[in-house]
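Presented below is the structure to which this report refers.
The values are calculated or read from the model by the stated rules, or taken from the named source; none is laboratory data. This is a predicted model, so every value here is computed, not measured. Note that each Cβ is placed from the backbone with ideal geometry, even for glycine, and that neighbours are counted across all protein chains shown. Just the protein is used for accessible areas: all its heavy atoms, side chains included, with ligands, DNA and RNA removed. Shrake-Rupley method; radii C 1.70, N 1.55, O 1.52, S 1.80 Å.
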Amino acid sequence: MTLTPEPRAAVLARPAAEGAVLDVVVPVYNEEVDLGPGVRRLHAYLSAQFPYPFRITVADNASADGTLAVAEALAAELPEVAVLHLAEKGRGRALHAAWSASPAPVLAYLDVDLSTDLAALPPLVAPLLSGHSDLAIGTRLARTSRVVRGAKREVISRGYNLLLRGTLAVRFSDAQCGFKAIRADVAAELLPLVRDTGWFFDTELLVLAQRAGLRIHEVPVDWVDDPDSRVDVVATALADLRGIGRLGRALVTGALPLARLRAQLGRGPLPVPPAQVPVGLPRQLVRFGAVGVASTLAYLLLFLAARGPLGAQPANLLALLLTAVANTAANRRLTFGVTGRRHAGRHHLQGLLAFALGLALTSGSLAVLHALTVPPRAVELTVLVAANLAATALRFLLLRLAMHHRP
């Protein structure tokens, strides 16, 4: 699945900013009014705030007005500005061509209207320059982001990102914010696999990066909607839905070389801490207690829901089994800091052993109680809570022993 080279793509202005560390691409289509002020403002900001050589590439994709002439004038005026002209429309097409042709090690793009506050640009590219991250995106959906836009666009944006979470299992928060950066070596591997040439380009690139095991850094941004935006919302939404379907099929059928990408670009597993390094018992107890409270509440709710149709003992068995599995998984990750699949099966088997002991305690308590009397529901629950507390203490000891055992 490769994207063929674009015809008649040529840098019209002289090569800009020899040895540029960052190349900021500004894709434009019929933007003769906003292009000059936007590029001058971006150039002034980078000149004052960015400590390394930079380049600004104006990627004009088939503008029908005076955009190209304005871009050429900017390139003649500002030595750090270059112009790339394409004969066909498409933001994705423009980014693909500009990023593929750039010699800079870090590539970025932003919208010509500069809706995103430029103060977010250094935090966007810094993790890529340091090697900490592979891609970086601005997000308008973080709690600390500040966004000014109409209700319609807000609903569409949040709905689209929820759709991506449900269909493609994405973990990044804002696919379509026009403020992104990528390391050039990563772009060289991913761009040939990105088929979309329009607005879905961003989403496709990010999904491929996530599935390849790359680190995506997110920067909360201040963002003000451009009331003069020329984006056709309906056409873009339909194209995005088609892109989701196409990319979903490619992921399901294995048409994408994800294994190769993970092996080539993905980050390796974290080293296992040495066995002699102690893990703080007080913190473990607090976290185990929090997980235990949540598990106990879930257990009681499940028991009460199943008590009527099943009876006390079957309801206890069902509620305890379901919460035991969830409890082991939660404690494995949150209490003991164990991630990945290594020894997961063994841990769950030991969790089930703790479950069996807990079942013996609670079932035995119920059996003794019912042998002595016909208890009211409140007494029954009190006995079960006490038995569960004893089972919880036993579970902590067994799980701690299991999680700290490193053969």
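Against the numbered list (1) among the polar types (S, T, N, Q); (2) within 23 Å of Leu42 (Cα to Cα); (3) open to solvent by 20 Å² or more (accessible area, probe 1.4 Å), Thr116 comes up short only at (3). Looking across Ala391, Ala402, Ala344, one residue alone is within 32 Å of the chain's Cα centre (by Cα), crowded, with 18+ Cβ neighbours inside 10 Å, at pLDDT below 75 and small (Gly, Ala, Ser). It is Ala402. Within segment 162-178, one or more residues are crowded, with 22+ Cβ neighbours inside 10 Å, at pLDDT below 95, among the hydrophobic types (A, V, I, L, M, F, W, C) and touching a Gly at 6+ places or on another chain (Cβ under 7 Å).
For segment 206-225, does any single residue satisfy the condition of being more than 17 Å from the chain's Cα centre (by Cα), at pLDDT 95 or above and open to solvent by 30 Å² or more (accessible area, probe 1.4 Å)? Within segment 206-225, one or more residues are more than 17 Å from the chain's Cα centre (by Cα), at pLDDT 95 or above and open to solvent by 30 Å² or more (accessible area, probe 1.4 Å). Can you pull out every residue in segment 50-99 that is among the basic types (Lys, Arg) and either at pLDDT 95 or above or open to solvent by less than 10 Å² (accessible area, probe 1.4 Å) (or both)? Arg55, Arg93, listed by residue number.
Thr203 - would you say it is over 17 Å from Leu141 (Cβ atoms) and not acidic (Asp, Glu)? Against the criterion (over 17 Å from Leu141 (Cβ atoms) and not acidic (Asp, Glu)), Thr203 does not qualify. Of all residues in segment 168-184, those that are in contact (Cβ under 8 Å) with a residue 60 or more places away in the chain have Cβ atoms under 7 Å from Cβ atoms of residues that are part of a loop (DSSP other than H, G, I, E, B) and open to solvent by 30 Å² or more (accessible area, probe 1.4 Å), 6 or more apart or on another chain, in Gly178/Asp111; Arg183/Pro105; Ala184/Pro105.
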